[in-house]
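Peer 1: Would you mind keeping the following structure in view while I ask a few things?
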Amino acid sequence: MAETDYAAFAAKTPGDRTVMHVLYGLHTVAWLSGGTLAVIALIVNYIRRADEQDPLYASHHSYMIATFWWTVLWLVVTGPLWFLLVLPGAAAYTIIGLWYLYRCLRGWLRFADDRAP
C-alpha cells in the first residue's frame with residue numbers, strides 16, 4: 001500500500017480561507033440581489049473546485065454547488081403554485097428560502113470549525 005506524500009499538497013493560505021468565507025457570504029445574502037450573488041459565487045465555486053486538492057475545501061465547494069442547484073430545482077418545481085393562488089407559492093418559496101439559508105449557515109459554521117459540511 002502506497003503512502004500519501006502530504007508534503008506534495010500546497011498548504012492553504014489565509015487568502016484561500018478568506019475566499020471560502022466570501023463565497024459562503026455571497027450565497028447567504030444572495031436573496032438581496034435576486035440570486036445574482038449566488039450565481040457569481042457558483043461560478044467561482046466551480047473554478048476553485050476544479051483546482052482544489054484539499055478534500056475539506058473541495059467538499060465545501062461541492063456543498064455550495066449542490067445547495068444552489070437543489071434550490072433552483074425546488075424553485076422551478078414549486079413555481080406553478082403561484083398560478084394556483086399566491087399563498088401556496090409564497091409559502092413554498094419561503095420554505096425553500098429558509099432551507100437555503102439554513103444550508104448556507106450550516107456549511108459556513110462547519111467550515112469555520114474546519115469540519116466537512
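The values are calculated or read from the model by the stated rules, or taken from the named source; none is laboratory data. For clarity, every value in this text was computed on a predicted model and none was experimentally measured. As a convention, Cβ positions derive from the backbone with ideal geometry for all residues, glycine included, and neighbour counts pool all protein chains shown.
Peer 1: Based on what the data block shows, is residue 102 of a type in the set (Ser, Thr, Tyr) and without any contact (Cβ under 8 Å) to a residue 24 or more places away in the chain?
Peer 2: On the way: of a type in the set (Ser, Thr, Tyr): yes; without any contact (Cβ under 8 Å) to a residue 24 or more places away in the chain: yes.
The answer is yes for residue 102.
Peer 1: Let me ask something additional. Quick check on my filter: what residues within the stretch 56-98 are under 17 Å from residue 34 (Cα atoms), within 12 Å of the chain's Cα centre (by Cα), surrounded by 12 or more Cβ atoms within 10 Å (Cβ to Cβ) and aromatic (Phe, Trp, Tyr)?
Peer 2: 68, 70, listed by residue number.
Peer 1: Yes or no: the stretch 43-51 includes at least one residue that is closer than 23 Å to residue 95 by Cα and out of contact with any Pro (no Cβ under 6 Å at 6 or more places or on another chain).
Peer 2: Filtering the stretch 43-51 down to residues closer than 23 Å to residue 95 by Cα leaves none.
Among the residues of the stretch 43-51, not one is closer than 23 Å to residue 95 by Cα and out of contact with any Pro (no Cβ under 6 Å at 6 or more places or on another chain), which makes the answer no.
Peer 1: Now, a different point. Run residue 114 past the list (1) among the charged types (D, E, K, R); (2) at pLDDT 95 or above; (3) at positive phi and report the number of the one that doesn't hold.
Peer 2: Going through (1) among the charged types (D, E, K, R); (2) at pLDDT 95 or above; (3) at positive phi one by one, residue 114 breaks only (2).
Peer 1: Sticking with this structure for a sec: Looking only at the stretch 20-34, how many residues end up being surrounded by fewer than 16 Cβ atoms within 10 Å (Cβ to Cβ) and either at positive phi or in a helix (DSSP H, G or I) (or both)?
Peer 2: Pass one, the stretch 20-34, residues surrounded by fewer than 16 Cβ atoms within 10 Å (Cβ to Cβ): 21-22, 25, 29, 31-34.
Filter once more, keeping what is either at positive phi or in a helix (DSSP H, G or I) (or both): 21-22, 25, 31-34.
Number satisfying all stated conditions: 7.
Peer 1: Here's another thing I want to ask about it. Inspect all residues belonging to the stretch 93-112 and state whether any of them is over 22 Å from residue 43 (Cα atoms) and assigned to a loop (DSSP other than H, G, I, E, B).
Peer 2: no
Peer 1: Continuing with the same structure: Take the stretch 42-59 and flag every residue that is touching a residue at least 40 places away in the same chain (Cβ under 8 Å) and either touching a Gly at 6+ places or on another chain (Cβ under 6 Å) or of a type in the set (Asp, Glu) (or both).
Peer 2: Within the stretch 42-59, just 54 meets the criteria.
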